[in-house]
1. With runs of 4+ DSSP H residues as the only contributors, calculate the mean residue ellipticity of the chain at 222 nm using -39,500 (n - 2.57) per run, divided by the residue total and rounded to the nearest 500.
2. Candidates (i) 169; (ii) 158; (iii) 149; which is the computed volume of the Cα convex hull per residue in Å³?
3. For the range 73-133 and the range 31-50, compute the distance between their C-alpha centroids and round to whole Å.
4. For labels at E15 and R57 in the simple 7 Å Cα→Cβ model, what's the distance in nm?
5. Cut-off 14 Å, label point 7 angstrom out along Cα-to-Cβ of A101: give me the residues of the range 51-89 whose amide nitrogen falls inside.
6. Hey, could you get me the Stokes-Einstein D for the range 71-155, Kirkwood radius over alpha-carbon pairs, 4 °C and 1.567 mPa s, rounded to whole µm² s⁻¹?
7. Taking only pairs that are 8 or more places apart or on different chains, how many Lys pairs in the chain have Cα atoms under 30 angstrom apart?
8. Comparing R79, R38, R141, which has the greatest mean-square fluctuation in the GNM of the chain with Cα pairs linked when under 10 Å apart?
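Since every read-out is calculated from the coordinates, none of them should be taken as a lab result. Keep in mind that what you see is a predicted model, and the values were worked out from it rather than measured. Cβ atoms come from the backbone with ideal geometry, glycine included; neighbour counts cover every protein chain shown.
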Amino acid sequence: MPRMTAFEKRPAPDEPNKSIGFIINDVARLLRRNFDRRAHVLGLTRAQWTVLAHLRRKDGLRQTELADLLEVQPITLARLIDRMEADSWVKRKNDPTDRRAKQVFLTKKVLPVLKGMRAIGKTVMDESLAGIADNEQEQLRGMLLAMRDNLSARK
């Protein structure tokens, strides 16, 4: 009997814990948990590595932009950034276009940690995609990107 793909195994729509939204949320939670389990050797909390990951994508974000991305209150982020700046993970600078705003930048100390984070991320992703064919992974990626685009367009 041929192997069914993940896309062919469709649960009954009335099973709430099998809905697409529930599954996406559960997979995201498990990815974070597995990353956390491995990342503790880097000496970072989830909040810290999440800040570093966002700044790796766009260094120099304003604190308010970073708080929005992390879905935390600005004061909560400010305290986290205070601790991270004291540990030399990040550096704040005045925003040249708005004297009230602060931008957050990665320091050179972070470079080896980012390499470790990338390696851990690759391991977690490889484990999560085990047994899923490359073409199925591309289909999944495309579908998730389409969902993200659909939801982003509805701001």
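1. On the way: 6 runs with 90 residues, N = 155.
Helices in the chain give a 222 nm mean residue ellipticity of -19000 deg cm²/dmol.
2. (ii)
3. Their Cα centres are 12 Å away from one another.
4. 3.1 nm
5. Correct set: 59-69.
6. Translational D for this selection: 78 µm²/s.
7. Close lysine pairs found across the chain: 26.
8. R141
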